[in-house]
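Please read the structure below before turning to the comments.
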Amino acid sequence: MAEYEEVFVSKEFISLCQSQLILLAQNLAVQESAIYLTERVKGDEPKLIPVIVYPFSSGDNNGNLLLLPESEEGADFEFNLMEERDTNLNKIINYIPESASPYQLLLPLIHNDCMVGLLATNRSTKPWRKQEVLQVQEVAHTITFARLLDQKQQISEQQLKRYQQLQKLQNDHLDDFFHQLRNPLTAIRTFGKLLIKRLKGDDQNYTIAQGIVREGDRLRDLIQDFSEDWKVVSNTSNLSLEQGQSTSFFLTENIQKLEKVDLKQLIKPLIMGIDSIAQDKNITFMSDIDDDLPLISSNPKALTEVLNNLLDNAVKYTPEGGKICLEIVKQKSTPEGEKIVVEISDTGYGIPPEDQKHIFERHYRGVQEEGDIDGTGLGLAIVKELCDKMSVDIEIFSPSFWIKNQQLNGTTFSLFIPIAS
């Protein structure tokens with residue numbers, strides 16, 4: 001950007017103005033022209049500042065080539081805005097008979113009653129005719145809109161610069177956060193491994209120590225996956241993923257790349273972890289899993305996150321003394337093929353019908369927004385995103401009265417997972 005005192009204009013704007021002033025000189029025998037822009041300079045009063053004059057000069061002292069007239073008191077020139085529809089030439093032509101420029105034409109650069117500048121042009125030998133004034137007015141309109149576009153471009157560039165600065169700050173903070181998070185995570189995993197070595201296999205605390213290490217490993221993997229994906233996103237200005245290459249922000253692998261998975265083996269450690277959490281909250285956890293489950297077609301990491309989120313939600317929204325049940329059965333053949341059905345039910349508060357149609361939206365919590373249970377409204381949104389990418393159907397049922405004498409409405413989430421061919 002070129003800078004003229006307190007006025008900032010682009011090179012493109014200057015080029016356009018030069019071409020317009022040349023047209024005035026060639027077509028209307030104009031001897032001198034100048035374009036002034038209105039800017040506020042160190043005060044509240046606007047000031048007209050010359051940004052370009054004709055004949056063009058290589059020097060910076062543009063204001064000496066064409067001066068605006070002074071008021072009777074000798075103060076700076078003040079331009080009275082005319083109505084756009086006014087055709088009285090006396091209101092836009094400033095005659096100074098005894099000066100070197102007796103026919104000086106002054107036209108404001110106006111848009112929506114806002115003056116953005118002034119076009120001053122003159123010739124000393126020939127009075128202005130109405131048709132010629134109209135031609136100069138068209139030039140003034142062109143310059144006005146060019147100035148408005150130039151200002152908008154400058155504002156956009158400033159906003160983009162501020163956004164990039166903010167984005168860099170956020171990136172730096174996020175990088176620092178994940179770097180520092182690794183230290184306590186390593187310590188937790190180390191303490192868990194030490195406990196396992198000191199405990200006997202029949203000790204009740206042995207499985208708890210295993211859970212500490214297992215969840216520590218899971219968190220480590222999530223951080224690693226996220227960090228790798230974050231490097232790609234933060235270092236790429238125009239990131240695009242080809243069809244079929246869909247990933248999650250914390251799972252860098254292609255989620256739609258499915259494999260044969262033993263669901264019973266995948267869910268065993270999840271059951272151990274959620275059972276311990278439920279006991280701590282005095283919640284009864286039950287499970288009913290068919291013995292002869294076939295292999296499923298899924299992404300193990302993504303499915304683990306789906307089940308973890310649904311189980312965690314069941315515990316979170318079930319009050320003390322409640323019950324949670326995990327049921328896995330093989331569904332009979334359907335038009336879409338055989339599927340495994342995973343149902344996670346609770347005796348919690350339930351989800352009102354008006355909230356159910358929005359429950360998978362990011363940051364939506366519905367009535368829980370006013371409750372005492374903390375949350376971000378992201379868990380179910382992540383679940384739905386991952387399910388869609390794995391071709392897993394998910395349904396919600398609430399109220400869900402699945403045990404006798406159930407006091408609260410309860411909720412059941414059902415997953416329909418394709419069986420591996």
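The set of residues in the stretch 107-157 that are under 21 Å from L48 (Cα atoms), acidic (D, E) and within 33 Å of the chain's Cα centre (by Cα) contains only D150.
Scanning the stretch 380-401 for residues being open to solvent by less than 70 Å² (accessible area, probe 1.4 Å) and in a loop (DSSP other than H, G, I, E, B) gives a total of 3.
Within the stretch 402-421, being in a loop (DSSP other than H, G, I, E, B) and open to solvent by less than 20 Å² (accessible area, probe 1.4 Å) holds for one residue alone: G410.
Checked against the criterion of being assigned to a strand (DSSP E or B) and not β-branched (V, I, T), the candidates D275, D312, D292, D288 yield just one match: D288.
Is it the case that I223 is under 28 Å from L386 (Cα atoms) and either modelled with pLDDT of 85 or more or touching a strand residue (DSSP E or B) at 6+ places or on another chain (Cβ under 8 Å) (or both)? For I223, the condition - under 28 Å from L386 (Cα atoms) and either modelled with pLDDT of 85 or more or touching a strand residue (DSSP E or B) at 6+ places or on another chain (Cβ under 8 Å) (or both) - is not met.
When the criteria are applied in full, K323 fails the requirement of being within 19 Å of R218 (Cβ to Cβ), out of contact with any Phe, Trp or Tyr (no Cβ under 6 Å at 6 or more places or on another chain), in contact (Cβ under 8 Å) with a residue 40 or more places away in the chain and open to solvent by 40 Å² or more (accessible area, probe 1.4 Å).
Matching residues to (1) modelled with pLDDT of 95 or more; (2) under 22 Å from the mean Cα position of the chain (by Cα); (3) closer than 14 Å to I351 by Cβ:
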| residue | (1), (2), (3) |
| --- | --- |
| G377 | no, yes, yes |
| A381 | no, yes, no |
| S391 | no, no, no |
| I403 | no, no, no |
| L408 | no, no, yes |
| T412 | yes, no, yes |
| A420 | no, no, no |
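The single condition among (1) in contact with a helix residue (DSSP H, G or I) (Cβ under 9 Å, 6 or more places away or on another chain); (2) modelled with pLDDT of 75 or more; (3) loosely packed, with under 14 Cβ neighbours inside 10 Å that Q210 does not satisfy is (3). If you go through the stretch 295-304 and keep only what is surrounded by fewer than 20 Cβ atoms within 10 Å (Cβ to Cβ) and part of a loop (DSSP other than H, G, I, E, B), you end up with just L295.
Filtered by the rule that a residue be of a type in the set (D, E, K, R) and either touching a His at 6+ places or on another chain (Cβ under 9 Å) or farther than 13 Å from G273 by Cα (or both), the stretch 200-216 gives K200, D202, D203.
Before we move on, is K330 more than 28 Å from the chain's Cα centre (by Cα), in contact (Cβ under 8 Å) with a residue 40 or more places away in the chain and farther than 21 Å from F401 by Cα?
yes
Going through the stretch 361-379 one residue at a time, which ones are part of a helix (DSSP H, G or I) and in contact with a helix residue (DSSP H, G or I) (Cβ under 7 Å, 6 or more places away or on another chain)? Give the steps one after another, and end with the answer.
Narrowing the stretch 361-379 to residues part of a helix (DSSP H, G or I): 366-370, 379.
Selection gives G366, V367, G379.
Among residues of the stretch 353-365 that are open to solvent by less than 40 Å² (accessible area, probe 1.4 Å), those with a Cβ under 6 angstrom from a residue that is outside any helix (DSSP H, G or I) and of a type outside the set (K, R), sequence gap 6+ or separate chain, pair up as R365/G375; R365/G377. Within the stretch 171-198, the set of residues being aliphatic (A, V, I, L, M) and farther than 14 Å from I223 by Cα comprises A187, I188, L194, L195, I196.
Here E138, E157, E132 are screened, and the one residue that is part of a helix (DSSP H, G or I) and touching a residue at least 60 places away in the same chain (Cβ under 8 Å) is E132.
Applying the set (1) more than 17 Å from S33 (Cα to Cα); (2) modelled with pLDDT under 50; (3) among the aliphatic types (A, V, I, L, M) to L148 leaves exactly one unmet item: (2). For the stretch 194-207, what are the residues that are closer than 20 Å to I271 by Cα and either modelled with pLDDT of 85 or more or out of contact with any helix residue (DSSP H, G or I) (no Cβ under 7 Å at 6 or more places or on another chain) (or both)? Passing the criteria: I196, G201, D202, D203, Q204, N205, Y206. Considered as a group, the residues in the stretch 119-135 that are buried (at least 21 other Cβ atoms within 10 Å of the Cβ) and touching a helix residue (DSSP H, G or I) at 6+ places or on another chain (Cβ under 9 Å) include one that is nearest to L24 (Cα to Cα), and that residue is T121. Within the stretch 256-272, the residues that satisfy the criterion of being within 38 Å of the chain's Cα centre (by Cα) and either of a type in the set (V, I, T) or in a loop (DSSP other than H, G, I, E, B) (or both) are Q256, K257, L258, V261, I267, I271.
The values are calculated or read from the model by the stated rules, or taken from the named source; none is laboratory data. Remember, predicted model here, so these are calculated numbers, not experimental data. Ideal geometry is used to build each Cβ from the backbone, glycine not excepted, and the neighbour counts take in all protein chains shown. Surface accessibility is based on the protein's heavy atoms, side chains included, excluding ligands, DNA and RNA. Shrake-Rupley method; radii C 1.70, N 1.55, O 1.52, S 1.80 Å.
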